[in-house]
Amino acid sequence: MSATPSTAFEIAAAVRAGSVRAIDVLEAHLGRIAARETDIHAFNLVTADEARAAATRIDDLVAAGRDPGPLAGVPIALKDNMCTRGVPTTCSSRILEGWKPPYDATVVSRLAAMGAVSVGKTNLDEFAMGSSTENSAFGVTLNPRDTSRVAGGSSGGSAAAVAAAFAPVSLGSDTGGSIRQPAALCGVVGVKPTYGTVSRYGLVAFASSLDQIGPFSADVRDSALILESISGHDPLDSTSIPQGPLDLVSVLDHDVKGMRIGRITDMPEGADPDVLGRLEAAFDALRAAGATIVDVELPSLKYGLTAYYLIAPAEASSNLARYDGVRYGRRVDAVDTNSMYMATRAAGFGDEVKRRIMLGTYALSAGYYDAYYGKALKVRRLISDDFARAYATADVLLTPTSPIPAFKVGEKADDPLSMYLCDIYTIPTNLAGHPAMSVPFGESRDGLPIGVQVMASTLGEQPMFKVASALERHMNSSGGRS
Ligand code: GLN
């Protein structure tokens, strides 16, 4: 038997060919989880028994001469805000305690139909609100590269699961940066696709006009493979774009000669010098590969964070109204219905979720709506217009993913504003609905991973993946040194 395959691509090929058994691949991953999960806390739940049963079914299909699908035997970890039938889905919140969804999210059923094997549900900031997983009701996820530091968030568990090789690939959700920022902090690839390319059916809603599901992986090709597998129209999501799956793997070997890479001259300041140094190295690498660097201005970008912290809480305050102690999860009994609502929500939600609900309710209230929510929508439009002008001269834009590498656990926990600033470079793409991804591109002086963000216009996943792939080739060929 050949050496154990490690990427999703290699695993699926080997399992389909019958040269490796899905159950052996799974056991290797469960073994790593057993060895290290207590130090990392990537998962809220490891579904080992269900995974063994699924892997055995895959092996039986292969033995019977049938093809289990393009993701045959690929272990995958799912952020715990994606519905899994009969398996607890908590959003890392006490308010959903005991709730088991009666259906699978579309991404979950698609992956299973293609032969992937879910290994469990990963930790997140409660209801995906945060940048460090410190807002989880079940405790923080630690960074596999340095366990005194956070893994980022809100999809910290999914990023850490891939960085610790608990699974070759995982899914996260990204409303303002929650896939890209933890990917950057953990040294893995993370992709937020164009709004509407991946179904949100069965994703527990945070801010519905911003939320998107996307993959994490160790290399660019695995993210391309997973995104191809989960994208494509879904009639169950009214915002799903009516087109087939994305075609990404086929463009990865294309070169970037003649491509126009945008440098934002008025980019919001405040990034760590090591992060800016890696961004410059990325421009240099692409220039050396034959691309042209063009300067672009996006004057409205600096208002992105402010607009986001009105729009996202406004939508959240409405989406989270459904947790009333009647329909889902936990109930705290009280003398009458109104008191029951209040007692349930007071006990069930954590501080950050309460803060967002209050912010959002205020921004939407009569007399303040136009001044706050209405104005934020206008800023959102200005940002989209800025991007449209920039993409008239550039194929993709490059920025840091996160202004800083992974920070220490507790360092920002009592300072919401400094936590919000972690997403300064990632939020604008969510407001515009555009795709963006983080690619590992070297390290800080302290040896912490640094990610570069590649952004593209609506449905610009192909140029985005081409550039990401070129950056990865550069890192591989330079041995990670430049
Ligand atoms: N950190 C941002 C927030 O707390 C983004 C979260 C996300 O993308 N889900 O809102």
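The values are calculated or read from the model by the stated rules, or taken from the named source; none is laboratory data. A quick note: this is a predicted structure, and the numbers were derived from the prediction, not measured. Glycine also receives a Cβ, built like all others from the backbone with ideal geometry; neighbour counts cover every protein chain displayed. Ligands, DNA and RNA are stripped out before the accessible areas are found, and what is left, the full protein with its side chains, is counted by its heavy atoms. Shrake-Rupley method; radii C 1.70, N 1.55, O 1.52, S 1.80 Å.
Worth pointing out:
- Spatially, the range 346-387 and the range 388-403 are offset by 26 Å when compared through their Cα centroids.
- Dipole in debye (nearest 20) - the range 416-479, about Cα centre, beta carbon charges: Lys, Arg +1; Asp, Glu -1: 140
- Accessible area per residue, Å², the range 113-249 with all protein chains present, probe 1.4 Å: 19
- Over the chain, relative contact order from alpha-carbon pairs under 8 Å, at least 6 apart, %: 16
- Shape call, the range 416-482: gyration tensor on alpha carbons, a/c limit 1.5: oblate
- Selection of trypsin sites (Lys or Arg not before Pro), the range 28-96, meeting DSSP coil and at most 15 other Cβ within 10 Å: Arg66, Arg85
- Just the protein heavy atoms count here, and of the accessible area of the chain at 1.4 Å, carbon and sulfur take up 53 percent.
- Cα gyration tensor shape of the range 379-424, rounded if a/c is under 1.5, else prolate or oblate by comparing a/b with b/c: oblate
- Antiparallel content of DSSP bridges confined to the chain, in %, to 5: 65
- Restricted to Cα atoms, the chain shows a radius of gyration and a Dmax of 21.4, 71 angstrom.
- Sequence-distant residues sharing a close amide H with Arg263 (under 5 Å, placed H): Val294, Asp295, Val296
- Counting only protein heavy atoms and a 1.4 Å probe, the range 366-482 has 41 square angstrom of accessible area per residue.
- Across the range 61-133, the mean sequence separation of Cα contacts (distance under 8 Å, 6 or more residues apart), normalised by length, yields a relative contact order of 38 percent.
- The range 250-314, accessible area per residue, ligands and nucleic acids excluded (1.4 Å, Å²): 45
- Ordering Ile264, Ala347, Thr122 by the projection of their Cα atoms onto the charge dipole of the chain, which places +1 on the Cβ of Lys and Arg and -1 on the Cβ of Asp and Glu, puts Ala347 at the extreme positive end.
- Its DSSP H runs of at least 4 residues, each contributing -39,500 (n - 2.57), put the calculated 222 nm mean residue ellipticity of the chain at -12000 deg cm²/dmol, to the nearest 500.
- For the range 283-329, trypsin sites (Lys or Arg not before Pro) meeting the loop criterion (DSSP other than H, G, I, E, B) and having at most 13 other Cβ atoms within 10 Å: Arg327.
- Distance between the range 99-161 and the range 304-328 - C-alpha centres, whole angstrom: 20
- The gain in end-to-end length when the Arg85 to Leu276 segment is fully stretched comes to 64.4 nm, 0.36 nm per residue minus the alpha carbon separation.
- Peptides 149-157, 258-266, 467-475 ordered by average Cβ neighbours within 10 Å, highest first: 149-157, 467-475, 258-266
- The range 426-482 versus the range 210-251: alpha-carbon centroid distance in Å: 17
- Only Cα pairs under 8 Å and 6+ residues apart enter the sum, and on that basis the relative contact order of the range 1-154 stands at 24 percent.
- Pairs exceeding a 20 Å alpha-carbon distance, out of Lys121/Lys408; Lys375/Lys412; Lys192/Lys412; Lys79/Lys192: Lys121/Lys408; Lys375/Lys412; Lys192/Lys412.
- In Hz, Karplus ³J(HN,Hα) per residue of the range 270-284 (6.51, -1.76, 1.60; θ = phi - 60°; x = Gly, Pro): x, 6, 4, x, 5, 5, 5, x, 5, 4, 4, 4, 5, 4, 4
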